[in-house]
Ligand code: 26V
């Protein structure tokens with residue numbers, strides 16, 4: 001039954017509290033404030049209170065954490081190690097509170113102490129240790145692994161500065177350091193005793209030992225220390241807690257006293273600065289791989305420390321390494337940790353005297369690799385020369401792996417020189433470079449893509465020949481999102497409605513969301529659903545008002561595109577449609593236009609000039625439209641600066657329309673698409689990435705698909721990139737491009753966007769012009785559906801109720817069964833996949 005009350009904020013629906021427990025929490029928070037922070041309540045700032053509350057919570061987590069670790073150890077359970085250069089965690093406070101079941105208690109305790117929980121949670125800076133989808137996926141996976149009680153470690157780097165802070169000045173993006181550790185970090189526990197030496201450079205000597213065995217000895221030129229910092233990751237209902245172990249870099253001897261005493265203060269710490277540079281900041285992902293020695297050092301640093309750590313743990317429990325693959329599954333999140341292939345081989349052979357073939361078998365059985373992009377410019381390769389200089393022993397191992405691998409290639413396709421060249425670990429074409437994707441592929445027993453279409457394309461494109469040589473290794477694991485953060489925490493109103501409608505079981509088993517379906521057409525339920533959405537939209541409007549001074553009508557259609565700014569994601573297509581709509585409204589002001597708010601948010605890599613120009617265009621278009629009295633409230637354009645997880649948690653629950661409009665074949669999966677669908681936004685999107693599976697689940701009639709399909713994109717590109725033909729047929733597009741080109745939106749610099757106009761006309765690689773008409777039509781279809789009222793709400797409800805399959809719990813179960821071979825908590829009966837009505 002849907003709820004009858006008008007209450008749909010979970011904080012209003014408070015359960016009765018245990019008074020004793022409440023008193024205990026209050027005492028604990030005040031004790032932390034006094035003893036750990038050193039402040040009296042009367043003088044404490046909000047920050048002090050936040051930290052005190054976080055520390056009190058951490059105490060409660062630590063017991064479970066130790067217990068989880070002990071249970072796993074005692075039972076000799078296999079562990080999963082998730083190696084990732086990125087973990088885009090966001091805030092942890094309410095996440096941990098919610099999963100521990102302590103949210104109501106802490107809310108009440110803090111209320112009694114005179115500080116509001118919702119205010120305090122804003123004191124926590126986002127842990128923005130990721131660029132976007134890949135890093136956020138790692139964070140969702142960590143939470144799901146803990147929820148499914150899989151003993152797991154996340155391994156990564158504790159960057160001093162996360163992804164840059166974006167400020168918009170006169171429409172332009174500017175980057176500032178993200179000082180997320182400035183006020184300390186109450187979640188992490190430094191482990192000064194967990195330190196490993198990571199070596200670089202130097203030379204390798206070969207000899208034959210007393211048993212006639214060939215031995216390689218690496219004499220490194222430089223050593224850096226890796227120090228562990230652990231952050232607890234609490235699973236749902238707090239039954240299991242895993243660690244996210246991030247490495248910080250430091251020099252083995254912090255100060256050269258002899259140099260210092262000569263008065264050369266900088267020289268005395270130079271080696272320290274060089275070591276510490278490794279964990280200084282997170283690379284933005286859109287920069288060319290060329291010449292970034294520091295990035296290679298980061299990759300090796302965290303791979304080496306992580307493998308040393310897990311091997312030490314294994315040896316402690318098992319006493320030998322032959323059983324490594326039975327007790328450890330190492331997942332490589334993209335190619336960034338693919339040096340694990342060579343590092344594990346090196347440790348097994350050089351440190352533990354194993355034979356090559358045995359070491360290779362163990363390595364392959366232990367490692368698996370996830371590919372997250374097919375973009376050629378994003379596939380990592382490193383110059384052989386750089387390898388030789390930084391990791392000479394690893395290069396030797398790569399050559400040996402390649403020799404054996406090319407032997408297999410030759411046996412598979414005798415005499416086929418092109419085949420050998422294409423599968424080789426060394427790309428001989430553009431200077432000699434090591435192909436990290438190939439290395440990860442060859443060294444893994446499973447390679448997975450992140451959506452059905454992406455996994456298929458992997459077999460047909462980048463890994464075509466490797467797939468031929470090693471059939472059966474590529475598998476698909478469609479991404480997912482954690483519903484605890486993206487539904488329960490981000491959207492308490494909708495969660496309360498879901499509980500009332502589907503029962504409390506829905507909190508543990510998202511497939512129960514399908515019970516909402518019976519009410520999708522019920523007008524009373526629809527009204528409750530709309531009330532929830534409206535409240536979320538009011539909250540977002542308030543934020544927009546505060547940050548940008550733009551007044552938003554919360555009853556307008558909120559049309560949202562939130563993601564990294566990239567040509568293939570096609571924010572430009574959205575802007576062009578905005579311009580076309582602007583002119584259409586101006587042409588016929590008397591028509592009954594659907595009021596829309598176009599909301600953009602996202603960062604461009606600092607070096608990606610074209611993407612930064614697109615941000616400027618969005619802001620210039622916003623300036624013109626928002627100040628045009630002819631338009632009034634019918635169209636508003638908003639660019640929210642500094643997109644991050646916390647901002648996403650406000651925007652997503654308020655969205656009506658989700659823009660997933662990448663050029664078909666280019667978005668590996670997307671996960672924002674799932675978050676928005678789960679929160680009741682309708683998707684307008686291309687047949688790309690996981691959009692395709694979303695259509696299969698929600699039904700073709702509940703999603704707006706437009707544009708070319710992947711094969712059509714390939715075919716059109718083959719004919720050239722000129723778009724004069726389509727522009728000639730599309731008056732809307734032609735006019736929008738002319739406006740961009742002629743300075744309508746940039747009267748202060750009329751030529752500012754000439755390069756964009758030129759690309760749209762003659763270099764339409766991303767098919768923005770080619771897809772425009774189809775997109776414009778789909779948007780008008782959206783207008784019509786929005787005007788139909790109940791039909792829109794029904795489709796939105798069906799999107800929510802059919803999104804269960806996109807829970808990262810489902811994804812992690814699939815990894816656990818097909819790749820890691822680890823048990824999980826039993827799954828509830830999965831909801832049947834709905835047949836798409838096409
Ligand atoms: C990397 C680079 C590197 C240099 C040049 C441009 C460029 C563009 C994109 C990337 C993306 C790297 C990998 C990545 O973040 N992939 C994202 O992974 C998500 C989780 O699987 C997935 O949902 C997104 O579709 C995918 O783009």
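The values are calculated or read from the model by the stated rules, or taken from the named source; none is laboratory data. Bear in mind the structure is a predicted one, so any value in this text is a computation, not a measurement. Cβ: placed from backbone, ideal geometry, glycine included. Neighbour counts: every protein chain shown.
Summary of computed values
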{"item": "Checklist (1) at pLDDT below 95; (2) more than 16 Å from the ligand (Cβ to nearest atom) applied to residue 607, failing item", "result": "(2)"}
{"item": "Qualifying residues in the stretch 353-379 (those that are away from the ligand (no atom under 16 Å from the Cβ) and surrounded by fewer than 15 Cβ atoms within 10 Å (Cβ to Cβ)) - the one nearest to residue 433 (Cα to Cα)", "result": "357"}
{"item": "Some residue of the stretch 127-143 being more than 29 Å from residue 29 (Cα to Cα) and surrounded by fewer than 21 Cβ atoms within 10 Å (Cβ to Cβ)", "result": "no"}
{"item": "Any chance residue 140 is at pLDDT 95 or above and under 30 Å from residue 328 (Cβ atoms)", "result": "yes"}
{"item": "Which numbered condition residue 492 fails, given (1) touching a residue at least 24 places away in the same chain (Cβ under 8 Å); (2) away from the ligand (no atom under 16 Å from the Cβ); (3) in contact with a helix residue (DSSP H, G or I) (Cβ under 8 Å, 6 or more places away or on another chain)", "result": "(3)"}
{"item": "Residue check, residue 634 touching a helix residue (DSSP H, G or I) at 6+ places or on another chain (Cβ under 6 Å) and surrounded by fewer than 23 Cβ atoms within 10 Å (Cβ to Cβ)", "result": "yes"}
{"item": "Pair list, Cβ < 9 Å and 6+ apart or interchain, from the stretch 115-137 residues that are within 14 Å of residue 183 (Cα to Cα) and touching a residue at least 12 places away in the same chain (Cβ under 8 Å) to residues that are away from the ligand (no atom under 16 Å from the Cβ) and assigned to a strand (DSSP E or B)", "result": "127/231"}
{"item": "Failed criterion for residue 182 (all others in (1) more than 30 Å from residue 816 (Cα to Cα); (2) within 16 Å of the ligand (Cβ to nearest atom) hold)", "result": "(2)"}
{"item": "Unique residue being under 19 Å from residue 181 (Cβ atoms), over 21 Å from the mean Cα position of the chain (by Cα) and more than 16 Å from the ligand (Cβ to nearest atom) when the list is 243, 228", "result": "228"}
{"item": "Among the candidates 579, 550, residue that is outside any helix (DSSP H, G or I) and under 26 Å from residue 776 (Cα atoms)", "result": "550"}
{"item": "Any hit, the stretch 198-218, residues being within 30 Å of residue 69 (Cβ to Cβ), part of a strand (DSSP E or B) and more than 16 Å from the ligand (Cβ to nearest atom)", "result": "yes"}
{"item": "Any chance residue 575 is away from the ligand (no atom under 16 Å from the Cβ), modelled with pLDDT of 95 or more and farther than 21 Å from residue 741 by Cβ", "result": "no"}
{"item": "Number of the condition not met by residue 620 [criteria: (1) part of a helix (DSSP H, G or I); (2) within 16 Å of the ligand (Cβ to nearest atom)]", "result": "(2)"}
{"item": "Output for the stretch 548-569, where each listed residue is away from the ligand (no atom under 16 Å from the Cβ) and either in contact with a strand residue (DSSP E or B) (Cβ under 7 Å, 6 or more places away or on another chain) or under 19 Å from residue 683 (Cα atoms) (or both)", "result": "548, 550, 552, 555, 556, 557, 558, 559, 560"}
{"item": "Wholly enclosed helices (runs of 4 or more DSSP H) of the stretch 730-838 bearing at least 2 residues at pLDDT 95 or above, under 30 Å from residue 474 (Cα atoms) and in contact with a helix residue (DSSP H, G or I) (Cβ under 6 Å, 6 or more places away or on another chain)", "result": "808-814"}
{"item": "Residue among 88, 97 that alone is part of a helix (DSSP H, G or I) and in contact with a helix residue (DSSP H, G or I) (Cβ under 6 Å, 6 or more places away or on another chain)", "result": "97"}
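The rows are residues; the columns are (1) modelled with pLDDT under 95; (2) within 34 Å of the chain's Cα centre (by Cα); (3) surrounded by fewer than 16 Cβ atoms within 10 Å (Cβ to Cβ).
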| residue | (1), (2), (3) |
| --- | --- |
| 22 | no, no, no |
| 30 | no, no, no |
| 34 | no, no, yes |
| 37 | no, yes, no |
| 43 | no, no, yes |
| 55 | no, yes, no |
| 59 | no, yes, yes |
| 64 | no, yes, no |
